[in-house]
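What follows is calculated from the coordinates using simple rules that are stated; it is not laboratory data. Nothing here was measured: the structure is a model prediction, and the numbers come from that model. Every residue, glycine among them, receives a Cβ derived from its backbone with ideal geometry; neighbour counts consider all protein chains shown.
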Amino acid sequence: MPELPEVETVRRGLSPVLVDVRIARLTQRRPDLRFPFPERFARRVDGHRVTALRRRAKYLLAELDSGETLVMHLGMTGRFRIEHRDGHRLAPGDFAHASQNDCAHDHVVFEMETGVRVIYNDARRFGFMLLIATTELAQHALFRDLGPEPLGAELTPDYLMRRATGKKADLKAFLLDQRVIAGLGNIYVSEALHRSGLSPKRAADVLAIRRGAANTRVSRLISDIQAVLNDAIEAGGSTLRDFAQADGAPGYFQHAFRVYGRAGEPCLRSECGCEIRRIVQAGRSTFYCPRCQR
Ligand SMILES: [Zn+2]
């Protein structure tokens, strides 16, 4: 499943072909994905210019000059492909695996006025697209309860300490709660907790307001969260299962995970070497080092 760094990678890949460009024609090849497509979808999009392409949590937000925003979520296997008029893909680093060329799962095609085609492909169809009035976006059910962006200035130690106070949930669940931090997912929580030396099984209250120690711990956790996300964005997003970058090139950051997917392998912290463990918390895999993470 694409996580925040992957979605950000897609945003950066799509921006040059979408922003400030008019959508000449949208073709919708089925009535729905996870949800039905917007009513009169093509008529509301055709001829309108994309004024900005933003990201909130794991949502891509294409702001249109019609006053509506096209909200796009990639679900499990959603991806975009960019094709020139001559059929060649736009970006370099292009090599496809079979599933990427499976046009049976091309569900939406945006033909831009430049002649570039942006194709949305989604084999499992857990993704979705919605059109929402831009002025109503912040109050929409998808967005109104979202916490701050993990890479934004609103995620401060004071904020996190306040949210953690009295919380009995384990740290893993707390950090995955989208009302606490928006867009942080399973992989990067495991990675950040390892960097911070915190056990995913500890109660979230360990981050709560106390003198001295907690503040340092929380500051460090925030900078570790930001570091793992920024590293992944820089590496072009990780490829897991079917995820591919917007230009069709697979990402490669998964090779750099320190704990995720490494059960039974040695911890990479110097002088540790303890075996990484996998446990299941709330139905999701957690990977951690029992020695480094307390
Ligand atoms: Zn270790």
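Summing Lys, Arg as +1 and Asp, Glu as -1, what charge do residues with Cβ under 12 Å from the Cβ of ARG202 carry, ARG202 excluded? Walk me through the numbers before you get to the answer.
Details: positive: LYS167, LYS168, LYS172, LYS201, ARG217, ARG294; negative: ASP170, ASP205.
Surrounding charge for ARG202 is +4.
Treating the angle as unsigned and between 0 and 90°, give the value, to the nearest 10°, between the Cα long axis of helix 213-234 and the longest Cα principal axis of the chain.
30
Under a point spin-label approximation (7 Å from Cα along Cα-to-Cβ), what is the GLU271-THR216 distance to one decimal in nm?
1.8
Summing Lys, Arg as +1 and Asp, Glu as -1, what charge do residues with Cβ under 12 Å from the Cβ of ILE276 carry, ILE276 excluded?
Values: positive: ARG258, ARG262, ARG269, ARG277, ARG278, ARG291; negative: GLU191, GLU265, GLU275.
Its environment carries a net charge of +3.
Suppose R0 equals 25 Å; then what is the FRET efficiency for HIS84 and PHE126 from their Cβ-Cβ distance, rounded to the nearest 0.05? Don't skip to the answer; put the middle values down first.
Numbers: r = 29 Å, r/R0 = 1.15.
Computed FRET efficiency for HIS84 and PHE126: 0.30.
Straight-line reach only, C-alpha to C-alpha below 20 angstrom: list the aspartates and glutamates that LYS172 could link to, leaving out same-chain residues fewer than 8 apart.
Of all the aspartates and glutamates, those that pass the test against LYS172 - Cα under 20 Å, at least 8 places apart if same chain - are GLU3, ASP145, GLU149, ASP158, GLU191, ASP205, ASP224, GLU275.
How much length is gained on full extension from ARG284 to ARG40, taking 0.36 nm per residue of separation minus their Cα-Cα distance?
Details: separation 244, 0.36 × 244 = 87.84 nm, distance 3.80 nm.
Gain on stretching ARG284 to ARG40: 84.0 nm.
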